[in-house]
Structure formats: C-alpha cells, structure tokens
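The values are calculated or read from the model by the stated rules, or taken from the named source; none is laboratory data. All values derive from a computational prediction rather than experimental measurement. Glycine also receives a Cβ, built like all others from the backbone with ideal geometry; neighbour counts cover every protein chain displayed.
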Amino acid sequence: MRTISFSRQALALPLILAALPLAASAQARPAAEEQAARYMDAVRSQPRALETFIREMPKGADLHNHLSGAVYAESFLRWAAEDGLCINTRQHTILTRSCTPSDTLRPASAIADTSALYAELVDAMSMRNWDSTTVSGHDQFFATFGRANALDRRVGDELAEASSRAGRGKLLYMELMMTPDRRAARTLGDQAGWTPDFGRMRDTLLALGMRDVGRAASARLDSIAARRDTLLGCGGPRPDAGCAVDVRWLYQVSRANPPQQVFAQILLGFLMAQSDPRVVGLNLVQPEDAPVAMRDYSLQMRMIQFLRRDFPTVKVTLHAGELAPGLVPDEGLRFHVREAVRVAGADRIGHGVDIMHEDSAQELMAEMARRGTMVEINLTSNDMILGIRGAAHPLHAYMQAGVPVALSTDDEGVARSEMALEYLKAVRDQNLGYPALKQMARTSLQHAFVAGEPLWRDLNALTPAAACTASAGGMDGARCNAFVARSTRARLQRDLERRFAAFEQQAAQMLEAPVPAAAR
C-alpha cells in the first residue's frame, strides 16, 4: 500500500471528473468504495496518512455553521488594526470604535502579532489554550462572541474566509446562519409590544413595515456577496476555491430575548425565506440553557408552529437538545427535541445531544427516522461546550435508529476546527468507517435546504431519480443531464458522486504499496 500526492492529482480533477462515467455497473462502484474503505482502515493508526486521506475526501455540505463563529480570531484582530479599532485589554474585547490609549484601552494597530497580549487576545476569542480548571468550556465558548467584533462592512470578509476554507475543505455547499437585518426586526418587535395573540402580533408587525425590513436585509446580502466575490477573485482568471462553493443563508433568531423580539425575528425569517432564494430557512441561536431560552422554549416552538401555517414551504432547522445533565434541571432535558419535531415541525435538528434523556427517546427517534428529520452532528463543539464525547455521544444511537445524520462545523473559528477535523473526530472518537462518512456526505446534500429535486429518490437504497436510472440512460445520460439542469440540489449531488468516483479511483492506487514512513 502506498500514498500518492492528492494535491498533485487534484490539479487534474476537472478532467478526471468529466471522464468518469457514473453509469458504471453496480458491482464496480461498491468495489471502488471498498478499496477506499480498506485503505482508510489500514491507515487508522498512521495519523499523517489518515489526515491526508480525510482532507482530500469529498464532503458534500456544511449545514450548521454560524458565520460570526466561523472566523478565526486572527482575522478579527487584523481587521481591527486595519480599521483603526480599539482593544479593551482588560476584557480582551475588540471595540468597534477608535480610542485614546489608557491603562485598559489600546489601538488594535499598536498590538504586535508577536506580543504576549496578542496571544492572550487570540486565546480569549477562541478555544485555543482553554483552561478547564478556570472556566467551563460552555462559558468560554459563548463568551467569545462578545469579544470578537468587527465593523459591519467586514461581514463580506467573514463570508470570504468561510467560503475559502469550505472550498479548500472539499465542500460543495454551505448554509450559514446570520442576522442580515442587524437589530431592525427586534426594534419593530419592541414597537409592537408583546401579545400572546400571534395573529394580532403578526398583523401589527406587518403594518409597521416588516416587509420593508426584509427588503433592506436582502440588499445587504447583495453587498456582502459582492464583497466576497471581490476578495476571492470570483469571475477572474484565478478564482479562489471558495468561489465554487454554493452558499445559502439561514436567518438566525436570538432566542434569549423578550418574546416580542423573538416573534418579530421569526416572522422576518419566514418572510425572507419566502421572498429571497438565497435565504433558505431559519434557526434559533444563543445558548439553549439561557434562562429566557429555557423559560420560553415551548412558547417559541408554538410561534414557529403558528407562522408555518402562513409559510408552509419555508424550511426550519432548530438548535434543540444542545444540553447535558447538570447544565439544566433534569426536566429541561426531557422535551426540547420532541417539541422541535412535533410542535415546530423542524425539518432538521441541530445537536440533539440530550436525545437519550427525552421521554420515550426510542419512540422519538423512530418518528424522526420516519419523518426524515436529519440531525446536524457537531462533534467538536459538543465536546468543548458540553463535555460529551466518545460513547456518551448519541451519534450511534441516531444511526442505529435510522435517523439521517450529517457532520457540520458549528463554529470552526471559535473551535479552531474545520470540516476535515470533524470527519477525523468521527473516525477517531466515534470509530466510523469510510462507508459511514460517505453516507453522511451524501445525506448532507439530500437534506440541504437548497432548491430542486434530489438526485436520489431513495438515498438509503441508492435509487436514483427516474431520469437518472440505468434504463433512462444513467447519470450521464441526456435525460439525467436535463433533470440536473433544472435542480441545483441534483447538480450538487451528481458533482459529489463524480468527486467520489475520482477519489476512490485514487484510493485503489494507494493500496498497491506500503505507506512510506515519512507519510505515517
């Protein structure tokens, strides 16, 4: 068994993808997958070879990614210096204004990236060098969001960083959580005032101009995308890998706020997802264990349930079950996933870590399997925030119950992670093999909120859409080409299959000779 340079082979990837037929025999495709699986199993104990394999493996989509948490602290500090911002050295926080130097305030431009203070700032704005003896992972993780700040015009820079990393990480598609209206919806919510009459609340917010807020937010998304394209050279002679990543938005609602603000944001999320094709759904963010989030959890699920009647085609994914014993009282662990699924009708669940503490957990997972409610699995953040890892993580329970699952990054900048490291954690911490990783990559695109019919009529059985069956000419046939041209989802899925075919072809070559010592 030997290794080859994936990076050199990647130069020829477009030619390989174009040349590889996807209408190969049923026997040939599993054989190629088996060779890739054999190679991965052979290098499990060889860190460098395993990491190289995982990094080059196609990975589909990242469906759970907070844009502000996707950016590394070093980027925030660089932008702060370039924009003349201030650092509070006591609180290790970037202030979005200039300042006169004092005992606790220093211009960001005056802090050298080789200084001890710079290192302290990076540590404070991420999980790097986190000391569990002084602060919990939960508190450190969520505190970073109040420390790493940037001017509003840098959101396009944030998108460029996230897109570029996704492209290099062999991702094809990404759904990013963001609040494009800033505080506008929350302000309208306060103007409307709270009433438990959801219909009256909706009508008041619409009369106050919520649709105008949505139009302004869409215009902001235009400028963010334009900035990303400029920074990455999209459309130019040497575009960054991130230009090829399809990006969509999830409107994020801040769940720890008063109910009038939460309702207003949920309404705006539905409005934007209905009117702007780049916004494909909504999600609730902030710590699920926050006092207001716990107090109003059921109320917020009913808000979503009510508004879904007005927007039946809009997709919803929800942070639910990002909890662990001791973080909240026992009764708080028993219903969050259930209400997200049954009351709010969530299409996907983010985290779902406390599923085994839910009442009738097996029954609930069986229901999720029947509904096709996918779970976004965030191994690194679950470990850091909740201390849930290894056998304590419910990933295998979901898989055994037939619940669709896919890996995601959550906050890769805060966690100092990336998708390849999530896949590595799935191998090392969860003992998953290559077929399971491949299935999760496929699942991510099957359950993405992107427009279009799926390539797979039945993903588990690998039954393609009627236009792409062998009798219709296969996945390279004219009928399938026409089908894919009408469906962004199917286009992405067929691209993933072609990338897997090329990747597994290389894996077959790697089985020929021993791995050199330098590559282990």
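Taking the criterion of being within 21 Å of the chain's Cα centre (by Cα), buried (at least 19 other Cβ atoms within 10 Å of the Cβ), assigned to a strand (DSSP E or B) and among the charged types (D, E, K, R), would at least one residue in region 433-440 satisfy it?
Among the residues of region 433-440, not one is within 21 Å of the chain's Cα centre (by Cα), buried (at least 19 other Cβ atoms within 10 Å of the Cβ), assigned to a strand (DSSP E or B) and among the charged types (D, E, K, R), which makes the answer no.
Within region 44-60, does at least one residue satisfy the condition of being part of a strand (DSSP E or B), surrounded by 16 or more Cβ atoms within 10 Å (Cβ to Cβ) and modelled with pLDDT of 95 or more?
Yes, region 44-60 contains at least one residue that is part of a strand (DSSP E or B), surrounded by 16 or more Cβ atoms within 10 Å (Cβ to Cβ) and modelled with pLDDT of 95 or more.
Condition test on residue 282, is it of a type in the set (A, V, I, L, M, F, W, C), assigned to a helix (DSSP H, G or I) and touching a helix residue (DSSP H, G or I) at 6+ places or on another chain (Cβ under 6 Å)?
no
Are there any pairs with C-beta distances below 6 angstrom linking a residue in region 90-110 that is in a loop (DSSP other than H, G, I, E, B) to a residue that is exposed (fewer than 11 other Cβ atoms within 10 Å of the Cβ), with the two at least 6 apart or on different chains, and if so which?
Here the result reads 104/90, each pair linking region 90-110 to a residue that is exposed (fewer than 11 other Cβ atoms within 10 Å of the Cβ).
Do we have residue 340 as crowded, with 22+ Cβ neighbours inside 10 Å, touching a strand residue (DSSP E or B) at 6+ places or on another chain (Cβ under 7 Å) and assigned to a helix (DSSP H, G or I) here?
Judged against the criteria, residue 340 is a match.
Please find, within region 258-269, the residue that is farthest from residue 200 (Cα to Cα) out of those that are surrounded by 24 or more Cβ atoms within 10 Å (Cβ to Cβ) and not β-branched (Val, Ile, Thr).
In this case the residue turns out to be 269.
Any residue at all in region 406-418 that's in contact (Cβ under 8 Å) with a residue 24 or more places away in the chain, basic (Lys, Arg) and part of a helix (DSSP H, G or I)?
Looking through region 406-418, none of the residues is in contact (Cβ under 8 Å) with a residue 24 or more places away in the chain, basic (Lys, Arg) and part of a helix (DSSP H, G or I).
If residue 292 meets every condition in (1) surrounded by fewer than 20 Cβ atoms within 10 Å (Cβ to Cβ); (2) in contact (Cβ under 8 Å) with a residue 40 or more places away in the chain apart from one, which number is that one?
(2)
Identify the single condition in (1) of a type in the set (A, V, I, L, M); (2) touching a strand residue (DSSP E or B) at 6+ places or on another chain (Cβ under 7 Å); (3) within 22 Å of residue 413 (Cα to Cα) that residue 374 does not satisfy, given that it satisfies every other one.
Going through the list (1) of a type in the set (A, V, I, L, M); (2) touching a strand residue (DSSP E or B) at 6+ places or on another chain (Cβ under 7 Å); (3) within 22 Å of residue 413 (Cα to Cα), residue 374 breaks only (3).
Among what's in region 155-188 and is charged (D, E, K, R) and within 24 Å of residue 497 (Cβ to Cβ), pick the residue that is surrounded by the most Cβ atoms within 10 Å (Cβ to Cβ).
Going through the qualifying residues, I end up with 175.
Name the residues in region 156-213 that are in contact with a Phe, Trp or Tyr (Cβ under 7 Å, 6 or more places away or on another chain) and part of a helix (DSSP H, G or I), would you?
Matches in region 156-213: 157, 189, 198, 201.
List the residue pairs whose Cβ atoms are under 7 Å apart, where the first residue sits in region 377-399 and is more than 21 Å from residue 63 (Cα to Cα), the second is surrounded by fewer than 24 Cβ atoms within 10 Å (Cβ to Cβ), and the two are 6 or more positions apart or on different chains.
387/137; 387/324; 390/429
Looking only at region 120-140, how many residues end up being aliphatic (A, V, I, L, M) and over 19 Å from residue 70 (Cα atoms)?
Narrowing region 120-140 to residues aliphatic (A, V, I, L, M): 121-122, 124-125, 127, 135.
Applying the additional criterion that residues be over 19 Å from residue 70 (Cα atoms) yields 135.
Residues meeting the conditions: 1.
Just checking, how many residues over region 351-360 are within 17 Å of residue 290 (Cα to Cα) and not in a loop (DSSP other than H, G, I, E, B)? Even if it seems obvious, please write down each step before you answer.
Keep residues of region 351-360 that are within 17 Å of residue 290 (Cα to Cα), which gives 351-354.
So of that shortlist, the ones also not in a loop (DSSP other than H, G, I, E, B) come out as 351.
So the answer is 1.
I'd like the residue in region 389-401 that is over 19 Å from the mean Cα position of the chain (by Cα) and among the aliphatic types (A, V, I, L, M) and, out of all such residues, is surrounded by the fewest Cβ atoms within 10 Å (Cβ to Cβ).
Filtering region 389-401 for residues that are over 19 Å from the mean Cα position of the chain (by Cα) and among the aliphatic types (A, V, I, L, M), the one surrounded by the fewest Cβ atoms within 10 Å (Cβ to Cβ) comes out as 391.
Within 30 Å of residue 56 (Cβ to Cβ) and of a type outside the set (Asp, Glu) - does that describe any residue in region 181-199?
Scanning region 181-199 turns up no residue that is within 30 Å of residue 56 (Cβ to Cβ) and of a type outside the set (Asp, Glu).
If you check residue 426 against the conditions, is it closer than 26 Å to residue 372 by Cβ and either surrounded by fewer than 23 Cβ atoms within 10 Å (Cβ to Cβ) or among the hydrophobic types (A, V, I, L, M, F, W, C) (or both)?
yes
Filtering region 441-471 down to residues that are surrounded by 16 or more Cβ atoms within 10 Å (Cβ to Cβ) and closer than 15 Å to residue 33 by Cα, which residue is nearest to the chain's Cα centre (by Cα)?
If we take residues in region 441-471 being surrounded by 16 or more Cβ atoms within 10 Å (Cβ to Cβ) and closer than 15 Å to residue 33 by Cα, then 441 is nearest to the chain's Cα centre (by Cα).
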